[in-house]
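Since the structure comes first, as structure tokens, the remarks are kept for the end.
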Amino acid sequence: MVKSYWKKFWGSNVTKSQHFIELNDIAYGNAKKIRVGIDAYRENVIVYRCVNLIAGHVPWKVLKSKSGEVIANHPLNNLLKRPNPEKAGADFFSELISSMLLFGNSYILSTSDFRPKEIYLLPASATEAVLDQNVLVAYKYQSASGDKLYRIDPISKISRVLHLKNYHPTNHHYGLSSLEAASLPIDLHQQSSYWNHSLLQNGARPSGALIVKDSNGYLSDEQFERLQAQLSEKFTGSNNAGKPLLLEGGLGWQEMSINPKDMDFIQSKNSAAREIALAFGVPPQLLGINGDNTYSNMQEARLALWEETLIPLLDKIADNISNWFSYLFNEEITIDFDSDSISALTEKRENLWAKIANANFMTLNEKRAFVGLPKIKDGDSL
């Protein structure tokens, strides 16, 4: 009976008779955000590097909720290491984090409503929230084989789809991506790159105009086309940089643009790159931006990245998937990332261990529990 109850709410094909209302303005805004995120990741080197720095591989482990001991043989450990035949755990969580950064949303699909054997990532570009009277009731996945609807149980509020999203001040159904906060500096950085590329293509010379100084001030169609072809062939492109411009009688050159020095090209581009890094929470020093040495060395910059950006993000993901899997496995489960395997935190971790080892007010088992180790016999006395 319980099994049939869950099936009633989870997983079905969408038909026209189902009375669900999708808000078109929300769906359109999300689709536009998806397109912007894809373009920025593909075309902007700062965005690309920020996402890859944050979405690196972090191993996960299943813990007992109260004692904090690692459950080595729990089936979730294998699921986190090998979520499905198509992806290993490293790729799975890297894509999950990348999707949250670029689109503000990530969607995990369980293949079963109880103790799943496989989990998959649903593309943010093909997944939508389904609303009924402005209440979230399901998630719709648009695939080549047809739309799939994954309903949310009205009592437990759990679905086979786990939606991870960033906070959004005006939209409760979709998350706010880092790209939206950095849209202006990203556009400035892109335009600076395009402008510099165009300048190099034109021989690093400012654009201008040829002015006819004759009395009538006009050229025939044949003269105009011939002059335009000569300029394009002999005086534009990096191979023609530095060539003198030979003008026929009656023609003059008039500059029409601001030179690179006046535009302060390099400084404005670096400033935009810093703002992009700030939106993602990445120290600009790790991106190799000139003139930005906030931290005394790269080790301090990497530590700041972990403490200010990565650890809060991973804690949020861990809390969400722990709650979700607790329902799916019908037991209290805590999932956490393995901070002991992170090299950037080694020095800080060693200092903490030294302080714990020297603490004379803690028993040996209390010290072991603090670092995630099991108890030992006769370890409860001071």
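Laboratory data are not the source of any read-out in this text; all were calculated from the coordinates shown. Because the structure is predicted, anything quoted here is derived from the model rather than measured.
Overview of values
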read-out: Flagged links, alpha-carbon separation over 29 Å, of Lys64/Lys377; Lys81/Lys269; Lys87/Lys355; value: Lys81/Lys269; Lys87/Lys355
read-out: Links that overshoot a 27 Å alpha carbon limit, given the list Lys117/Lys367; Lys61/Lys165; Lys140/Lys316; value: Lys117/Lys367
read-out: For the stretch 149-188 versus the stretch 99-117, the gap between their alpha-carbon centres in whole angstrom; value: 12 Å
read-out: The stretch 174-181 - phi-based ³J(HN,Hα) in whole Hz, Karplus 6.51/-1.76/1.60, Gly and Pro as x; value: 9, x, 8, 8, 5, 5, 5, 5
